[in-house]
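Please read the structure below before turning to the comments.
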Amino acid sequence: MTPIEETIINKKTNINPIWIMRQAGRYLPEFREIRKKNPDFIKLCLNENLSTKITLQPLKRFDLDAAIIFSDILMVPYGLNQHVEFKKNFGPLLGEFSLEKVLNLNDFDFTKKIDSIYKLIKLVSSHKLTNNKSTIGFIGAPWTLLVYIINKQSPKLKLVDNFFESEVLLKKILNVLDKFLKIHIKNQVDSGAEIIQIFDSWAGLINSKDLNEYIYNPTLSLVEYTKSLNVPVICFPREIKDYKKYCEIVKPDAICIDYNVDPNFIQKNIKLPIQGGMDPKILLTSKEHLKKEAKKYLDIFKDHPYIFNLGHGVLPETDPQMMDYLVKMVKDY
Ligand code: CP3
């Protein structure tokens, strides 16, 4: 078993495995170099040789315990034939979503359209750099994908005013997502993904009264499905107001926390293995401060199954030397 599996499945508390969200990305000069030559982000994700190379870049530099595949949660709307592009200094921009077309889409055509992702997973999981490390596949949670599908761009602080206008349509899209996200999970697992993380980046935007319908029920369905494949599932409902209730209802194998939640509260109130928490901005300060803050999380979760990670993705302006320092410090703890 890999250190992350030992922590999640066997509830080991003395290992302190570490991986970092967005560990393959813009803070690495070797990533930026490839990116410069490949302006089309979707095409880059679908080039299995380049995306494998990018996935492995951080593992060449740092002693991380996982490879998270270089892909994006928006590859699913793309697979559902919605136009998706990434604009410089703007973020994702999506086209009109056609429910009609999607209802006529079969499993085979969806899989074929994003098949390079599965080839990438095969290449990564069989690579010698991932020996005794976990290959992590992922999906966007139905709610967060719904947000992008309807909003067509990042919601930042607010959803478009008429977001909930057609509840019937939203339900139908959630149904479609349930079907194709399961296919995407299964394909990833069949290709060699050993853990699935569910990113619900916009969980914090929803009102309590809508949690059942848009977050708890749809996520539970995917968590149960992933468990049925005998693969551990980590959920990251970023900025959800009540992590404890989320865990009680959704029951992931591990929960990833953001940096606005009090780790002491989490440690006392949640019995599941915990991942993440530290503010990525800490990596922009000094080594002394980084050590103090990382140690805070390691101390709090000393007797708790804990996977070190950040409370959101590593920032592009991060100095790779700070990452190096962090990984070594966690390993030496
Ligand atoms: O290293 C890893 O974590 C694996 C790769 C990964 C990417 N996106 C690559 C990426 C993962 C796990 C994601 C997930 C993702 N994508 C999420 C959930 C996590 C989160 O950040 O909340 C979301 C919401 C998206 C959608 C998305 N993709 C946005 C909003 C953006 C633009 C903002 C940004 O950071 O540039 C992307 C683009 C993206 N996805 C980049 C990377 C490395 C940057 C692309 C570039 O080089 O310009």
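The values are calculated or read from the model by the stated rules, or taken from the named source; none is laboratory data. Note that the structure is a prediction, hence the values are computed from the model and not measured. Heads up, the Cβs are rebuilt from the backbone with ideal geometry, glycines too, and the neighbour counts pull from every protein chain shown. All accessible areas refer to the heavy atoms of the entire protein, side chains included, with ligands and DNA or RNA removed. Shrake-Rupley method; radii C 1.70, N 1.55, O 1.52, S 1.80 Å.
Here is how the numbers come out for the structure above:
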{"item": "Pair list, Cβ under 8 Å, 6 or more apart: region 146-175 residue farther than 25 Å from residue 90 by Cα, other residue exposed (fewer than 14 other Cβ atoms within 10 Å of the Cβ) and polar (S, T, N, Q)", "result": "none"}
{"item": "Yes/no for residue 302 being without any contact (Cβ under 8 Å) to a residue 40 or more places away in the chain, of a type outside the set (Val, Ile, Thr), more than 16 Å from the ligand (Cβ to nearest atom) and open to solvent by 40 Å² or more (accessible area, probe 1.4 Å)", "result": "no"}
{"item": "Near pairs, Cβ below 9 angstrom, 6+ apart or cross-chain, from region 19-33 (without any contact (Cβ under 8 Å) to a residue 40 or more places away in the chain and open to solvent by 50 Å² or more (accessible area, probe 1.4 Å)) to any residue that is more than 6 Å from the ligand (Cβ to nearest atom) and not in a loop (DSSP other than H, G, I, E, B)", "result": "30/53; 30/54; 30/57; 30/60; 30/61"}
{"item": "Test for residue 138: is it within 16 Å of the ligand (Cβ to nearest atom), open to solvent by 10 Å² or more (accessible area, probe 1.4 Å) and at negative phi", "result": "yes"}
{"item": "Residues (of a type in the set (D, E, K, R), surrounded by fewer than 18 Cβ atoms within 10 Å (Cβ to Cβ) and within 18 Å of residue 39 (Cα to Cα)) located in region 57-108", "result": "85, 87, 88"}
{"item": "Selection within region 92-132 - of a type in the set (S, T, N, Q) and within 16 Å of residue 48 (Cα to Cα)", "result": "111, 116, 125, 126"}
{"item": "Condition broken by residue 78, with the remaining ones in (1) closer than 30 Å to residue 308 by Cβ; (2) under 19 Å from the mean Cα position of the chain (by Cα) satisfied", "result": "(1)"}
